[in-house]
Amino acid sequence: MNKWIGAGVLVAAAGAGLAWQQGWFGEAPAGSAQLTDFVPADTVLYLGGQAEAKQVEQLRQMPLMAQSQFQMQQLLREMDNWGREETPQARFATELLRDFLSNATNYGMFMDHFGLDLTKPQAIYMDGLIPVVRFGVKNEETFWQVFERASESSGLQPREVTLDGSTVKLWRLTKEDDKALELAVNVRDGVATLSAFHFLDQEADQLQRLAMTAPEQSLADSGELDKMQKTYGFDNSMLALIHFERLAQGMLDPNSNDLGRDLKALMDAQGETLPTANLDAACRSDLTSLVANVPRLVAGNTRVASGDTLAIDSLSVLELTNKEVLTSLQGLRGHLPGHTAGSDSIFNMGFGINVDNLIPTATSLMQRFQGYQTDCAQLQQAQQQLSSANPAMMGMFTGMVQGTKGAGFSLYDLDIDPNTLQPNNLDFLFSVATDNPNSLLGLLAMSPMGRQIQIPTDGSLTDVDLSFVAPGLSLKAGMQGQHLVAFTGEQASRAAESLKDESLDANGLTRFGADYGRLADLVDRIPSQFAGELETGTASGCVAQAQVANMLRLQGANLNYTLDFAEQGLSTNMAFSIDPQALASVNPVGNYQILDQSYDCQGGEPMGTEEIREDGTGEYRYNDGQCDLYRSQYTWSQNGNLFSMTAQESVSRDSCDQEWNNDELISSQCVLVPMDEGFRCMYSDDESESLFHYVPRS
């Protein structure tokens with residue numbers, strides 16, 4: 001299971017959960033800037049935005065987290081063993097986590113259960129050392145019920161205080177004999193605020209933290225977000241920053257900002273000192289100056305378009321203010337082959353690096369640091385240690401790949417023969433951008449396989465026999481312009497042809513793209529024998545295969561990501577689009593023949609019949625060919641594609657001439673997966689996981 005799930009999460013995690021991180025947010029209506037009026041100007045962290053009502057509705061079926069429903073259920077079952085000997089505070093936190101995980105199947109379920117309104121402004125920020133979370137509430141009663149259930153289950157009851165005429169509920173997070181730290185929750189004017197109170201707080205601190213009074217200077221007053229928008233082209237839909245310089249100032253000069261003052265006060269009250277207290281003034285000043293060269297990580301959306309498809313372009317930049325250092329780093333930029341930017345591949349990746357500039361850049365950066373004038377003993381020691389390093393040692397490698405500017409891989413199609421487990425339709429292109437192909441070919445010739453291959457550099461292509469890898473497999477290889485290529489397949493052939501006229505201009509560091517829907521189709525097509533072997537040598541890999549394919553398909557997305565050195569620093573661009581229609585729920589009502597595909601991914605063993613009725617009831621029957629041996633009546637409900645069944649009556653017998661016996665009533669859940677014919681149901685319980693195909697009966 002770990003091989004499949006691990007692979008699935010690595011790919012799916014890029015898409016799942018991006019509604020917050022990448023901002024499934026539209027243009028914010030008037031009034032959304034109110035939240036920044038209560039954010040301190042010297043905050044070290046801010047993330048805020050607001051969603052359009054249309055986009056929120058479109059995203060109701062989008063999965064909230066990358067984990068599959070199976071993984072969620074496994075975690076919930078493990079949590080049943082937590083908290084038996086824990087404190088009420090730990091049980092309270094566990095119950096809140098359990099409630100979240102149990103209702104995080106998709107955004108619609110999450111919003112309804114917690115009473116949230118994601119069309120209102122949202123923000124996460126730091127008020128000094130204390131985090132603050134603010135978001136819209138649609139149903140205040142439903143919202144408070146979440147905390148009431150956690151209080152009842154854990155035994156941790158809140159106390160109530162009134163601040164500025166509004167009720168605040170406080171849950172103590174420390175033991176009674178420890179200094180007080182409390183979770184503070186308030187709902188006011190349809191906006192919930194979550195923060196923390198501690199034993200050093202004055203009422204003014206608490207009022208500001210709960211956005212009841214504004215700070216002396218707010219983030220809105222400072223104009224920092226406005227400047228970010230002008231510099232980077234961010235729109236109003238999502239803005240974020242992490243301020244490293246302020247963080248360093250707070251640690252090295254505690255009196256310089258609220259973070260430092262809060263941290264010092266808490267450390268003093270505990271009779272402890274800051275980790276940086278042993279640094280002298282020279283070190284504090286020089287370290288602050290060094291961090292100032294990388295002051296912030298900023299992020300935001302540059303385009304949001306909604307219609308049949310939701311599309312978002314976002315940008316993040318790790319700012320580098322030292323222009324000479326940035327210029328040196330920009331010399332590393334290589335060439336990302338054009339085919340890695342295509343939209344017709346299942347997935348693609350590209351790496352750009354100017355190998356010829358690697359040693360000069362490393363040498364320049366080391367010399368710059370070694371030449372930094374400082375009286376700080378710790379920095380002087382680091383300079384001495386670095387002086388023993390010799391970047392020229394890298395020349396042993398770079399000399400063998402001299403002239404290399406980048407490489408790219410694009411997969412256009414792949415089918416595996418279910419009988420031979422060999423690829424019978426392989427379409428891919430691998431290319432290396434180089435103005436010195438002979439160095440690469442010389443490196444290749446050093447390998448046993450490479451000595452048997454003669455790749456021309458005159459623009460012609462040769463056939464490379466790889467039948468020892470897979471019977472009948474061969475590639476085309478050669479030079480196309482300034483690109484050394486190896487490929488097979490029609491689409492790859494056209495892409496390789498287009499490289500003939502592609503120059504080696506520096507255009508980036510990394511590029512990655514994926515069509516999640518086609519990736520899911522690719523996983524689905526893997527033969528059951530191969531899926532079983534990838535598991536643990538058994539055919540139980542069918543369940544994991546279906547899980548991974550379903551996780552990918554639920555994203556319904558196309559993703560393109562690039563990493564580059566831009567004018568302001570190290571930048572990442574992400575273009576993400578999703579088709580909400582791909583997230584439509586399965587309608588399970590009907591009469592079905594059930595096939596158990598847990599051990600036969602494409603076929604299946606007959607397991608009985610089932611009728612799922614529109615009135616919320618259902619009946620399952622197992623017949624041995626002569627008579628029914630098992631019957632179960634149940635009620636059902638559905639949230640998205642999570643199908644829940646509660647047994648009302650279950651009877652069984654061993655043979656047709658025996659009387660019926662009452663069986664234990666078992667409730668279960670499964671994840672519905674749409675199929676061309678009917679649907680699949682992926683079950684999970686404490687002991688096993690199963691995959692059933694519901695085939696409509698004529």
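No other residue among Ala248, Ala220, Ala277 is part of a helix (DSSP H, G or I), over 26 Å from Leu118 (Cα atoms) and either assigned by TED's automatic domain parsing to the domain that holds Thr119 or polar (S, T, N, Q) (or both) apart from Ala248. Checked against (1) crowded, with 18+ Cβ neighbours inside 10 Å; (2) over 30 Å from Ser328 (Cα atoms); (3) touching a Lys or Arg at 6+ places or on another chain (Cβ under 9 Å), Leu509 meets all criteria but (2). Every condition in (1) surrounded by fewer than 18 Cβ atoms within 10 Å (Cβ to Cβ); (2) of a type outside the set (S, T, N, Q); (3) outside any strand (DSSP E or B) is met by Val161 except one, and the failing one is (3). Considering the range 658-680, and only residues there that are touching a residue at least 60 places away in the same chain (Cβ under 8 Å) and within 28 Å of the chain's Cα centre (by Cα), the residue that is surrounded by the most Cβ atoms within 10 Å (Cβ to Cβ) turns out to be Val671. Scanning the range 388-433 for residues being closer than 27 Å to Met366 by Cβ and either assigned to a helix (DSSP H, G or I) or not hydrophobic (A, V, I, L, M, F, W, C) (or both) gives a total of 18. Taking the numbered list (1) buried (at least 20 other Cβ atoms within 10 Å of the Cβ); (2) in a helix (DSSP H, G or I); (3) among the small types (Gly, Ala, Ser) in turn, Ala192 passes all entries but (2). Checked against the criterion of being β-branched (Val, Ile, Thr), closer than 30 Å to Ser256 by Cβ and touching a Lys or Arg at 6+ places or on another chain (Cβ under 9 Å), the range 161-170 has no qualifying residue. Answer yes or no as to whether Ser503 is loosely packed, with under 13 Cβ neighbours inside 10 Å, of a type in the set (Gly, Ala, Ser) and either at negative phi or not in a loop (DSSP other than H, G, I, E, B) (or both). In short, yes. Condition first: assigned to a strand (DSSP E or B), among the hydrophobic types (A, V, I, L, M, F, W, C) and under 30 Å from Ala299 (Cβ atoms). Now tell me which residues in the range 568-598 satisfy that. Result: Leu570, Met574, Ala575, Phe576, Ile578.
The residues of the range 599-614 that are assigned to a loop (DSSP other than H, G, I, E, B) and polar (S, T, N, Q) amount to a single one, Gln602. State whether one or more residues within the range 83-103 are at pLDDT 90 or above, touching a Lys or Arg at 6+ places or on another chain (Cβ under 8 Å), β-branched (Val, Ile, Thr) and not in a helix (DSSP H, G or I). Looking through the range 83-103, none of the residues is at pLDDT 90 or above, touching a Lys or Arg at 6+ places or on another chain (Cβ under 8 Å), β-branched (Val, Ile, Thr) and not in a helix (DSSP H, G or I).
Rundown of residues vs (1) modelled with pLDDT of 95 or more; (2) assigned by TED's automatic domain parsing to the domain that holds Gln50; (3) charged (D, E, K, R); (4) out of contact with any Gly (no Cβ under 7 Å at 6 or more places or on another chain), yes/no style:
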residue	(1), (2), (3), (4)
Gly271	no, yes, no, yes
Thr288	yes, yes, no, yes
Ala292	yes, yes, no, yes
Thr302	no, no, no, no
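Looking only at residues of the range 218-239 that are of a type in the set (Ser, Thr, Tyr) and in contact with a strand residue (DSSP E or B) (Cβ under 9 Å, 6 or more places away or on another chain), we find that the one that is surrounded by the most Cβ atoms within 10 Å (Cβ to Cβ) is Ser237.
Determine whether Val317 is touching a Gly at 6+ places or on another chain (Cβ under 9 Å), over 30 Å from Gln61 (Cα atoms) and modelled with pLDDT of 95 or more. In short, yes. Taking the range 229-287 only, how many residues are among the basic types (Lys, Arg) and in contact (Cβ under 8 Å) with a residue 12 or more places away in the chain? Counting residues in the range 229-287 that are among the basic types (Lys, Arg) and in contact (Cβ under 8 Å) with a residue 12 or more places away in the chain gives 3. For first residues located in the range 106-130 and over 13 Å from Arg209 (Cα atoms), partners that are part of a helix (DSSP H, G or I) and of a type in the set (Asp, Glu) and lie 6+ apart or on another chain with Cβ distances below 9 Å form the pairs Gly108/Glu57; His113/Asp99; Phe114/Asp99; Gly115/Glu140; Gly115/Glu141. Restricting Ala123, Ala184 to those that are closer than 30 Å to His243 by Cα, modelled with pLDDT of 95 or more, in a strand (DSSP E or B) and in contact with a Gly (Cβ under 9 Å, 6 or more places away or on another chain) reduces the list to Ala123.
The values are calculated or read from the model by the stated rules, or taken from the named source; none is laboratory data. Source: prediction; values computed, not measured. Glycine gets a Cβ as well: all are built from the backbone with ideal geometry, and neighbour counts include every protein chain shown.
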